[in-house]
Amino acid sequence: MKNLKEKIIIALDYDSLQHAKELLEKLKGRAYFYKIGFELFTSCGADSVSLVKDYGCKVFLDLKYHDIPNTVYKAVKSAGKLGADIINVHASGGIDMMKAAKNGAEEASYAAGNHIDIIAVTVLTSLSDADVKQVFYGLKESAMPLPSENEEGAAAYGVSSDLALHLAELAKISGLDGVVCSGHESVKIKNTLGRNFKTVTPGIRLKTKNAGKAAGINGLGGDQKRTMSPYEAFNAGADYIVVGREITSADNPSEALGLIYADIDK
């Protein structure tokens with residue numbers, strides 16, 4: 001795959017710059033895109049972005065903005081000025097909020113002199129179909145069945161898939177560059193909204209005998225309920241995959257990254 005190394009985003013899920021720097025050193029020359037989420041950004045702020053940029057790598061600033069349009073506009077614009085290459089918001093914030101986010105990203109892109117992708121989170125990969133029903137559709141047994149439940153051969157993640165596609169459609173209408181979604185939804189989103197509409201896929205797990213054990217999590221997915229292997233995710237149309245504990249909790253992160261490449265190369 002062309003520029004494969006730039007399609008794998010490694011999650012810097014740490015609470016200190018020192019731990020983040022140690023991983024950057026171990027993967028220097030082998031990884032080029034990193035995700036900074038709540039933990040590192042809350043602990044270290046803008047310095048976390050500067051650290052990654054100093055290594056010549058790209059940054060996915062994963063802060064999942066979800067607020068009134070003007071607040072999100074200002075937040076995205078500020079995030080873009082820090083040097084983020086991808087910024088995300090929650091699609092459930094609505095069209096006006098996402099349009100405001102896009103405006104903030106465009107203004108930051110102009111100031112930075114390079115394009116900044118603004119993408120929307122659809123359905124968290126930690127949510128199962130049952131969770132989605134509970135959160136978005138209520139608990140009553142008498143509630144009207146969802147479309148996927150009435151269709152023969154409905155996908156295993158039908159409810160989540162339907163909601164993810166709906167939210168992705170709202171993101172496309174809002175002018176965003178793409179969405180965060182599980183690999184189970186990526187194909188449907190690509191087929192419906194076009195190949196140029198980007199999908200970023202978290203919940204990546206290697207399907208090996210010891211998968212998840214090195215990361216100290218229970219089972220293959222841990223707290224992730226809709227997972228895919230790296231190969232499966234790219235085969236499902238993902239433009240980027242986000243890999244966290246498979247690498248960051250490994251005894252040898254460089255070797256673990258090699259397993260990710262090997263899984264894709266198969």
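FYI, it's all coordinate maths here, none of it is from the lab. Just so it is clear, the structure is predicted and the values come from calculations on it, not from any experiment. Methodologically, a virtual Cβ is constructed for each residue, glycine included, from the backbone with ideal geometry; neighbour enumeration extends over all protein chains shown.
Calculate, for Asp54 and Arg195, the FRET efficiency according to 1/(1 + (r/R0)^6) with r their C-beta to C-beta distance and R0 25 Å; round to the nearest 0.05. Mind showing how you got there, number by number?
Details: r = 34 Å, r/R0 = 1.35.
FRET efficiency, Asp54 to Arg195: 0.15.
Figure the gain on full extension for Asn70 and Ala130 (residue separation times 0.36 nm, minus the Cα-Cα span) and round it to one decimal in nm.
Working: separation 60, 0.36 × 60 = 21.60 nm, distance 3.35 nm.
Once the chain is fully extended between Asn70 and Ala130, it gains 18.3 nm.
The modelled label-to-label distance for the pair Asp96/Asn114, using points 7 Å beyond Cα in the direction of Cβ, is 3.5 nm. With 0.36 nm allotted per residue and the present C-alpha distance subtracted, the Lys207-Leu4 stretch has 71.1 nm of extension available. Taking amide H positions as modeled 1.01 Å from N, with prolines and chain starts lacking one, the residues under 5 Å from Val180 and 5 or more places away or on another chain are Ala120, Val121, Thr122, Val200. Contact order, relative form, for region 4-265: 17 percent (alpha carbon pairs under 8 Å, 6 or more residues apart, mean separation divided by residue count). How high is the FRET efficiency from Arg30 to Tyr137, r the C-beta distance, R0 45 Å, rounded to 0.05? Computed FRET efficiency for Arg30 and Tyr137 comes out at 0.55. A Stokes-Einstein calculation at 25 °C with viscosity 0.890 mPa s, built on the Kirkwood radius of region 4-265 over Cα pairs, returns a diffusion coefficient of 130 µm²/s.
Using the number of other C-beta atoms within 10 angstrom as an exposure proxy, rank Asp47, Asp129 with the fewest first. List each step's numbers first, then the result.
Details: Asp47 13, Asp129 22.
Fewest-to-most Cβ neighbours within 10 Å comes out as Asp47, Asp129.
Working from label points 7 Å from Cα in the Cα-to-Cβ sense, the Val187 to Ser249 distance is 2.9 nm. Here Leu4, Leu165, Leu40 are placed in order of increasing Cβ neighbour count within 10 Å, fewest first, which gives Leu4, Leu165, Leu40.
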